[in-house]
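**Q** Quick one: the structure is below, questions incoming.
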Amino acid sequence: MKNIFREPAEPFTFFNYSDFLILIIIYLILYVLIKKQMLKLNTIKKIIIGFFFIFIPMISIKIELNNVYNKFEIVDGFNTLYVIFKFPIWWIMGILNVYLINIKVKNYR
């Protein structure tokens, strides 16, 4: 049986299955925090910025590099150069999430 979470990302895609799992978990946590109003909006924004700008890209890169090293015997620096672009992609997603949460919360008020 093939473990899909151990597969590196395909060419020209920056997300693998582990990244999608991370996204789903974060969105579920954010949904619960917003619905139950457990935290203030400013605190949720700070959490999103912290996660999407620092924590998640580092975890995503670590998982991707482990998957590449597990799958291929010879790993060249040019083969893993694309992982640098995970940072700006996660940053863009973090900015979009803050923007969308602002819109959604304003609609509830």
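The values are calculated or read from the model by the stated rules, or taken from the named source; none is laboratory data. Source: prediction; values computed, not measured. As a convention, Cβ positions derive from the backbone with ideal geometry for all residues, glycine included, and neighbour counts pool all protein chains shown. We work out accessible area using only protein heavy atoms, side chains counted, and drop any ligands, DNA or RNA first. Shrake-Rupley method; radii C 1.70, N 1.55, O 1.52, S 1.80 Å.
**Q** Condition first: surrounded by 12 or more Cβ atoms within 10 Å (Cβ to Cβ) and in contact with a Phe, Trp or Tyr (Cβ under 9 Å, 6 or more places away or on another chain). Can you find one or more residues in region 37-49 that meet it?
**A** Restricting attention to region 37-49, the residues satisfying the condition of being surrounded by 12 or more Cβ atoms within 10 Å (Cβ to Cβ) are 39, 41, 44-49.
Okay, now just the ones that are also in contact with a Phe, Trp or Tyr (Cβ under 9 Å, 6 or more places away or on another chain), so none.
The answer is no, given that none of the residues of region 37-49 is surrounded by 12 or more Cβ atoms within 10 Å (Cβ to Cβ) and in contact with a Phe, Trp or Tyr (Cβ under 9 Å, 6 or more places away or on another chain).
**Q** Ok, one more. Output the number of residues of region 16-35 satisfying the condition of being within 20 Å of LEU100 (Cβ to Cβ) and either open to solvent by less than 50 Å² (accessible area, probe 1.4 Å) or at pLDDT below 80 (or both). If you could, list the steps in order and put the result at the bottom.
**A** Here is the first cut: in region 16-35, the ones within 20 Å of LEU100 (Cβ to Cβ) are 19-20, 22-35.
Next, only the ones that are either open to solvent by less than 50 Å² (accessible area, probe 1.4 Å) or at pLDDT below 80 (or both) stay: 19, 22-23, 26, 30, 33-35.
Of the residues in that region, 8 qualify.
**Q** May I pose another question? Residues of region 78-109 being of a type in the set (A, V, I, L, M, F, W, C) and touching a helix residue (DSSP H, G or I) at 6+ places or on another chain (Cβ under 7 Å), which ones?
**A** Looking only at region 78-109, we keep the residues that are of a type in the set (A, V, I, L, M, F, W, C), and these are 78, 81, 83-85, 87, 89-93, 95-96, 98, 100-101, 103, 105.
VAL83, PHE87, TRP90, TRP91, MET93, VAL98, ILE101, VAL105 - these are the residues of region 78-109 that are of a type in the set (A, V, I, L, M, F, W, C) and touching a helix residue (DSSP H, G or I) at 6+ places or on another chain (Cβ under 7 Å).
**Q** Right, here's the next one. For region 73-87, state whether one or more residues are modelled with pLDDT of 85 or more, surrounded by 11 or more Cβ atoms within 10 Å (Cβ to Cβ), at negative phi and polar (S, T, N, Q).
**A** no
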